[in-house]
Amino acid sequence: MGEYGDAFNQAVAAELRAQRARVQITVDEVVRRSGISKSAVLNYLNGQRDIPMPAFAELCRALEVSRRLIFEAAEKSIQ
C-alpha cells in the first residue's frame with residue numbers, strides 16, 4: 001500500500017483501540033454490536049489487516065464514534 005497508507009492504517013487501528021478504551025467495552029461486546037467475527041475484529045484493532053470500509057463503519061457504530069473523528073485523529077497522529 002505504501003508507507004503513508006500503512007502508517008495511516010496503523011493509526012486508524014490505534015484510534016479504534018483508544019475509542020474502545022474510552023467507551024469501556026470488551027472486544028466481545030464490539031463483536032456483538034458490529035456483527036463482525038471476533039478474529040476479524042482483533043485483526044482490525046491490532047492493525048494486522050486493512051479494514052474494509054463497511055467493516056470500519058460497523059466498528060465505528062459499535063464504538064459510538066464518527067468515522068470522520070477516527071480518520072481526523074489518525075491523520076493528525078501521523079503528521
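Coordinate-derived values only; no laboratory data. Remember, it's a predicted structure, so these values are computed and weren't measured experimentally. Cβ placement follows ideal geometry from the backbone for every residue including glycine, while neighbour counts extend to all protein chains displayed.
Over the chain, the reciprocal of the mean inverse Cα-Cα separation, the Kirkwood hydrodynamic radius, stands at 12.3 Å.
Given their separation in residues at 0.36 nm each and the Cα-Cα distance between them, residue 37 and residue 61 gain 7.1 nm when the chain is fully extended.
Restricting the GluC sites (Glu not before Pro) of the chain to loop positions (DSSP other than H, G, I, E, B) with no more than 12 neighbouring Cβ atoms within 10 Å leaves 64. Expressed as an acute angle from 0 to 90° and rounded to the nearest 10, what is the orientation of the C-alpha long axis of helix 53-62 relative to the principal long axis of the chain? The helix 53-62 is inclined about 50 degrees to the chain.
Checking every one of the trypsin sites (Lys or Arg not before Pro) in region 25-79 against DSSP loop status and a limit of 16 other Cβ atoms within 10 Å picks out 49.
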